[in-house]
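Structure first, then comments.
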Amino acid sequence: MMKDRQTIRCEVDRQRGRHTAFELILGGEAVKDGITLSVSEQTLSDCRYGRIDLRIENEELSVCDNLSAETPLRVFVPLVESPLAVTALYMFSSWWSRPAFVKSVADIPDRTQVALFRFADRYACFLPMVGERCKAYLTGGTQSELQLIVTALYGGLSELHEPLYLYAEAQTVDEAVTAVFAQAAKLRNIRKREQRRLPEMFRWLGWCSWNAFYTNVNERGIRDKAAELAEKQVPVKWMIIDDGWLSLKDRLLYEFQPDREKFPEGFRKMTEDLHKSAGIEWFGVWHALMGYWSGIAPGSPVATEEAKYLCRTANGRLTPDPERGAGFYRDWYQALSDQGISFVKVDGQGTIPLCFENTLPLSEAAARLHSSLENGASRFDGAVINCMGMAMENVLSRPATAVSRNSDDFFPDIDDSFKEHLLENAYNSLYHDKLYVCDWDMFWTKHPDSAKHALLRAISGGPVYCSDRVGETDPDVLRPLIYPDGELLMPARSARPTADCIFTDPEESGFLKLQNIAPFGGELIGGCIAVFSLTEKESSCDFSPAQVEGLTECERYLVYDRADGSVRCVGREESVACTVKGKGYRFFVILPAVSQCTCLGLTEKYIGFAAVESIHNADNAQTVVLHAEGTVAFVSEAAPKRITINGADMTDIAQRRGMMTVVPMPERVGQTVAAIEL
């Protein structure tokens, strides 16, 4: 990041408004106004790692003048070379981040928590770090310096020994981001995405009560929705009862049991009934990290029974104690488990700085509270959806839970909200995916943008769940995302922008391309590209197989256009032109062409190639095993002489369309063997 002997600037603000400015040599030490300060940088694996050490001397029997609470430290980090473009992922609220596309580090938005740089011959990722007490974030710098704010939101500290940043350069953005977050996970003693275990329910289709009922949810509504899903044969396997079920007093948590007016018999009988009548395997409930949004009601049954696990914050809130709060969550989750609940969505995680300001240093409060939550969630085997928690003190503090919301809410009643939802999810995944399975939120199947939202969920690589009101679920919108039994055709990671879109504002270019991968045939990796138009005008772009990161490398690829059913064969770097209607979308499957015949999988599904579990090639023949039965397609230059499905000859019903042979079959659960002779 910096060269030895470079000068670094620091500004220190103290409680009585005293301001001290430093200029010191990187790795050196300076003493001024009772402050001893040093900033150092070292190499850790493929990263540069910056640290700051500070100590304030106070005279005996004098009024202490230690660090202020809000922005006690500003550090100006000089750049060896200015980037040509910057994509900054900044916090636009206390809980969510979104992208900004700027040309200079001077224009970096306030509260930026990840910055991506494009140079002429390389890329880089800069991560302001979270330490034991403080977090750092970027704000607008100078033309040649990054500006870091270091804060604990806790006044009166006289000594800090904290990380400042991690920085890595690489030949691709993804390589740089991967290096930085692998090192961050190691320093913070948390797991990377591949080390986290996705709870089983999130591999299946779900439904959430929020956009259907908001806080007016009740037992009758849940039962009616489950009955509708069963009648329409929509194979939802899990349900979340979102905000509105809790027993509250003055908008504070009152007791662990459900609201008696809304759920007169609790949850147990309802969950047992709906398991039998509607096939719902798992039920989850929503709650806020602090119990409810502002905490727990004083004098309530919860306050009395859980007193040893609670604390009173400096601003008067009664909340789970960061040190002892695991007992609170354990007791609550045991009570919920007794009611037939098997997972939780924990919201409002970004309220930690709001609740614990001047109670505990920010990073310490976050680390302890997330550890307490996950300790308690062991009752649910770690089945948690973390939500409203994209601030870096949340992201870098969860030890093991796998699922984390990746954007602000789906807003069904806000016109043109799809664009913002797309941008947040696409660009947040560039970093969030390194640690978590990213949840791209629920959606409505009955909505003007339902087809675009469905495609977005299909390629997201995370949980898929809808939130339609009673009577409004459209099964046809969901079928391309799932097998007949409700299991998801899930990609291997989160979708993210193609490399040529990372530093380009899609609202200016008019389009955004997302790419993802999934296992194909056991030993290969297939891919896909979705192209979305963000304007009223028709957009044109191009793509190539090389833009799909992680795709099996070979000389030739098949590109299948789901819109018109066409197939073409191209080289790895060969461009494919694409035109998208205003506010429209296109979807392409890209598969390695490594034999004389390629199975496209289940063509009625977006990620249908993931259904191909194994491929066996012989002389002029191919046999594939698919995860389920349905319309299957093969691509070959020669027309097939014979096709069988599970031993039955289907040659007569097969349809030849150019290089593609399609065998229309009804959808059925169960492994399927398809064989083709050329």
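The values are calculated or read from the model by the stated rules, or taken from the named source; none is laboratory data. Please read all numbers here as calculations on a predicted model, not as lab measurements. All Cβ positions, even for glycine, are placed from backbone atoms using ideal geometry, and neighbour counts span all protein chains on display. When the accessible area is computed, the model is the full protein with side chains, heavy atoms only, and any ligands, DNA or RNA have been set aside. Shrake-Rupley method; radii C 1.70, N 1.55, O 1.52, S 1.80 Å.
Going by the alpha-carbon gyration tensor, a ≥ b ≥ c the square roots of its eigenvalues, is the chain rounded (a/c under 1.5) or, if a/c is not under 1.5, prolate (a/b greater than b/c) versus oblate?
Details: a/c = 2.43, a/b = 1.34, b/c = 1.81.
Note, shape of the chain comes out oblate.
Rounded to a whole number, what % of the accessible area of the chain do carbon and sulfur atoms account for, probe 1.4 Å?
Working: 11410 of 25160 Å².
C and S atoms contribute 45 percent here.
Nearest 500 deg cm²/dmol is fine: what mean residue ellipticity at 222 nm does the chain get from its DSSP H runs of n ≥ 4 alone, each adding -39,500 (n - 2.57), divided by its residue count?
Values: 13 runs with 121 residues, N = 678.
Helices in the chain give a 222 nm mean residue ellipticity of -5000 deg cm²/dmol.
So how strong a dipole does the chain carry about its Cα centre when Lys and Arg Cβ are +1 and Asp and Glu Cβ are -1, to the nearest 20 debye?
Working: 72 positive and 94 negative charges, 88 e Å.
Dipole magnitude for the chain comes out near 420 debye.
Of the DSSP beta bridges with both residues in the chain, give the percent that are antiparallel, rounding to the nearest 5. Display every interim value, and only then the final one.
Numbers: 144 of 168 bridges.
Of those bridges, close to 85 percent are antiparallel.
Once Lys and Arg get +1 and Asp and Glu get -1 on their Cβ, which of Pro664, Cys387, Leu166 lies farthest toward the positive end of the dipole of the chain?
Result: Pro664, furthest along the dipole toward the positive end.
For the charge dipole of the chain, defined by +1 on Lys and Arg C-beta atoms and -1 on Asp and Glu C-beta atoms about the Cα centroid, which residue among Met270, Val580, Gly550 has the Cα displaced farthest towards the positive pole?
It is Met270, whose Cα lies furthest towards the positive end.
What does the convex hull of the alpha-carbon atoms of the range 158-302 project to on average, in nm²? Walk me through the numbers on the way to the answer.
On the way: hull surface 57.6 nm².
Averaged projected area of the range 158-302's Cα convex hull equals 14.4 nm².
Once the Cβ-Cβ distance between Cys569 and Glu536 is put in as r, and R0 is 56 Å, what FRET efficiency do you end up with, to the nearest 0.05? List each step's numbers first, then the result.
Values: r = 34 Å, r/R0 = 0.61.
Working from the Cβ atoms, E equals 0.95.
So what's the angle, to the nearest 10 degrees on a 0 to 90 scale, between helix 417-432 and the longest Cα principal axis of the chain?
70 degrees
Ignoring ligands, DNA and RNA, what accessible area per residue does the range 425-499 give at 1.4 Å, in Å²?
Details: 1490 Å² over 75 residues.
About 20 Å² of surface per residue is accessible.
Karplus couplings for the range 646-662 from phi (6.51 cos²θ - 1.76 cosθ + 1.60, θ = phi - 60°), rounded to Hz, Gly and Pro as x?
Here the 3J(HN,Hα) series is 6, x, 8, 6, 10, 4, 5, 9, 5, 10, 8, 10, x, 7, 9, 10, 10 Hz.
I'd like the FRET efficiency for Glu57 and Gln6, computed as 1/(1 + (r/R0)^6) with the beta carbon distance as r and R0 of 22 Å, rounded to 0.05. The partial results should precede the final answer.
Numbers: r = 27 Å, r/R0 = 1.24.
Taking R0 as 22 Å, the efficiency between Glu57 and Gln6 is 0.20.
Which residues' amide hydrogens lie under 5 Å from the amide hydrogen of Phe443, considering only partners 5 or more residues apart or on another chain, with H built in the peptide plane?
Sorted by chain and number, the residues that satisfy this are Tyr465, Cys466, Ser467.
Counting only heavy atoms of protein chains, what accessible area per residue, in Å², does the range 57-146 have with a probe of 1.4 Å?
Details: 3470 Å² over 90 residues.
Result: 39 Å² per residue.
Place +1 on the Cβ of every Lys and Arg and -1 on the Cβ of every Asp and Glu in the range 319-464, take the dipole about the Cα centre, and give the residue among Trp440, Pro322, Tyr333 whose Cα lies farthest towards its positive end.
Result: Tyr333, furthest along the dipole toward the positive end.
Considering only protein heavy atoms, what per residue accessible area in square angstrom results for the range 532-678 with a 1.4 angstrom probe?
Working: 6590 Å² over 147 residues.
Computed with neighbouring chains in place, this is 45 Å² per residue.
If you fit an axis through the alpha-carbon atoms of helix 326-338 and take the longest principal axis of the Cα set of the chain, what angle between them do you get, 0 to 90°, nearest 10?
Result, in degrees: 30.
On the first, second and third principal axes, largest extent first, how far apart are the outermost C-alpha atoms of the range 529-678 in Å?
That works out to 49, 32, 26 Å along the principal axes.
Any idea what the dipole of the range 39-196 comes to, in debye rounded to 20, about its Cα centre with Lys/Arg Cβ at +1 and Asp/Glu Cβ at -1? Can you show the working numbers first?
Working: 17 positive and 20 negative charges, 168 e Å.
About 800 debye.
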